[in-house]
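The values are calculated or read from the model by the stated rules, or taken from the named source; none is laboratory data. Everything numeric in this text was worked out from a predicted model, so none of it was measured. With ideal geometry, Cβ positions are generated from the backbone for all residues, glycine too; neighbour counts draw on all protein chains shown. Note: accessible area is taken over every heavy atom of the protein model, side chains too, but ligands, DNA and RNA are not part of it. Shrake-Rupley method; radii C 1.70, N 1.55, O 1.52, S 1.80 Å.
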Amino acid sequence: MPDGAASSTVIPAACAAGVRSGRHVAIIMDGNGRWAQRRGLPRLAGHRAGLEAVRRIVELCPEFGIDTLTLFAFSTENWRRPPEEVRGLMALFRRYLRKEAAELADKGVRVRFIGDRTQLDIDIQQLMAGLEARTADCRRYDLVLAVNYGGRAEIAAAARRLAREVAEGLRSPDTIDEAAISGGMQIADLPDPDLVIRTSGEQRISNFLLWQCAYAEFVFAEECWPDFDRDALERAMRAFGARERRFGAVVG
Ligand code: IPE
Ligand code: IPE
Ligand code: MG
């Protein structure tokens, strides 16, 4: 634990006492390609290094009082990349699912996925379902992996489901309120993110959790994702701790 961290808002007292804080941090893991290119390496080497950063940050959640960590791994737009990069990313994802399953379960991490998994290779879909089943009863903290995920696609799917229920006479249009749409999101019990971190200096949302980010705080870190380490996470959490969240109200 770094000097002074325990007494700051970085590590809440509830966490130190072993109580779940409910805090949700979501990360747009960006900059793998640039990290590699700057080192004269192929982009896939950046993705490989990015996977190490995933392992590192997942480990750190309990210490930082993070109850839910959502990682944006592959967007609905990332299919536009060269086929060999997409293949490489899928191979890494497959390897992660195979290699990390036992450790995640041992650590008490409940793993869930958001995004349209039906477009992924069938063996990957099976590994995903297996990991979800294996960790379903884990309660220490939640890891949500966004794979083939798009915020607009998720909202459109929720709208379709609600429209179908209206068409089938199961609900009246008047019942479609914010709670109904929230309930139509892929993981309805997922709290909205408190903090969204995007690495690599880019400052945009790129179709991530559009509905859920209504009142999220944003921290844009300069590090490329493979360089995102304990210190970088601590800086982001400190920046978040210094924010005054108002939710439209007047504070103080
Ligand atoms: C993030 O790094 C990983 C994915 C989007 C899958 P990038 O691959 O986007 O890296 P840059 O932005 O090109 O540097
Ligand atoms: C967002 O990064 C998607 C992920 C991190 C998985 P991108 O690199 O794909 O986003 P853009 O294209 O720069 O907006
Ligand atoms: Mg990028």
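Among the residues here, Ala53 qualifies as crowded, with 17+ Cβ neighbours inside 10 Å, within 16 Å of ligand 3 (Cβ to nearest atom), part of a helix (DSSP H, G or I) and modelled with pLDDT of 95 or more. Within segment 31-50, being more than 24 Å from Leu195 (Cβ to Cβ) and not in a helix (DSSP H, G or I) holds for Arg39, Gly40, Leu41, Pro42.
Every residue in segment 130-153 that is away from ligand 2 (no atom under 14 Å from the Cβ), open to solvent by less than 50 Å² (accessible area, probe 1.4 Å) and assigned to a helix (DSSP H, G or I), please. Gly130, Leu131, Glu132 - these are the residues of segment 130-153 that are away from ligand 2 (no atom under 14 Å from the Cβ), open to solvent by less than 50 Å² (accessible area, probe 1.4 Å) and assigned to a helix (DSSP H, G or I). Scanning segment 154-165 for residues being more than 16 Å from Asn207 (Cβ to Cβ) and surrounded by 15 or more Cβ atoms within 10 Å (Cβ to Cβ) gives a total of 2. For segment 22-47, the tally of residues that are open to solvent by 10 Å² or more (accessible area, probe 1.4 Å), within 11 Å of ligand 1 (Cβ to nearest atom) and at positive phi stands at 0.
Would you be able to say whether some residue in segment 215-232 is in contact (Cβ under 8 Å) with a residue 60 or more places away in the chain, in contact with a strand residue (DSSP E or B) (Cβ under 7 Å, 6 or more places away or on another chain) and part of a loop (DSSP other than H, G, I, E, B)? For segment 215-232, residues in contact (Cβ under 8 Å) with a residue 60 or more places away in the chain, in contact with a strand residue (DSSP E or B) (Cβ under 7 Å, 6 or more places away or on another chain) and part of a loop (DSSP other than H, G, I, E, B): present. Selection of segment 56-91 for residues being within 16 Å of ligand 3 (Cβ to nearest atom) and in contact with a Phe, Trp or Tyr (Cβ under 9 Å, 6 or more places away or on another chain) yields Phe72, Ala73, Phe74, Ser75, Thr76, Val86, Leu89. From the list Val166, Val147, the one residue that fits, being touching a strand residue (DSSP E or B) at 6+ places or on another chain (Cβ under 6 Å) and not charged (D, E, K, R), is Val147. For segment 109-117, the condition of being surrounded by fewer than 19 Cβ atoms within 10 Å (Cβ to Cβ), of a type outside the set (A, V, I, L, M) and within 16 Å of ligand 2 (Cβ to nearest atom) holds for at least one residue.
Taking the criterion of being within 16 Å of ligand 1 (Cβ to nearest atom) and not hydrophobic (A, V, I, L, M, F, W, C), the residues of segment 182-225 that qualify are Arg198, Thr199, Ser200, Gly201, Glu202, Gln203, Arg204, Ser206, Asn207, Glu222, Glu223. Somewhere in segment 90-102, is a residue more than 29 Å from Arg204 (Cβ to Cβ), open to solvent by 40 Å² or more (accessible area, probe 1.4 Å), out of contact with any helix residue (DSSP H, G or I) (no Cβ under 7 Å at 6 or more places or on another chain) and more than 16 Å from ligand 1 (Cβ to nearest atom)? Yes; the residues of segment 90-102 include at least one that is more than 29 Å from Arg204 (Cβ to Cβ), open to solvent by 40 Å² or more (accessible area, probe 1.4 Å), out of contact with any helix residue (DSSP H, G or I) (no Cβ under 7 Å at 6 or more places or on another chain) and more than 16 Å from ligand 1 (Cβ to nearest atom). Out of everything in segment 198-216 that is surrounded by 17 or more Cβ atoms within 10 Å (Cβ to Cβ) and away from ligand 2 (no atom under 11 Å from the Cβ), what residue ends up being farthest from Ala53 (Cα to Cα)? So the residue we want is Gln212.
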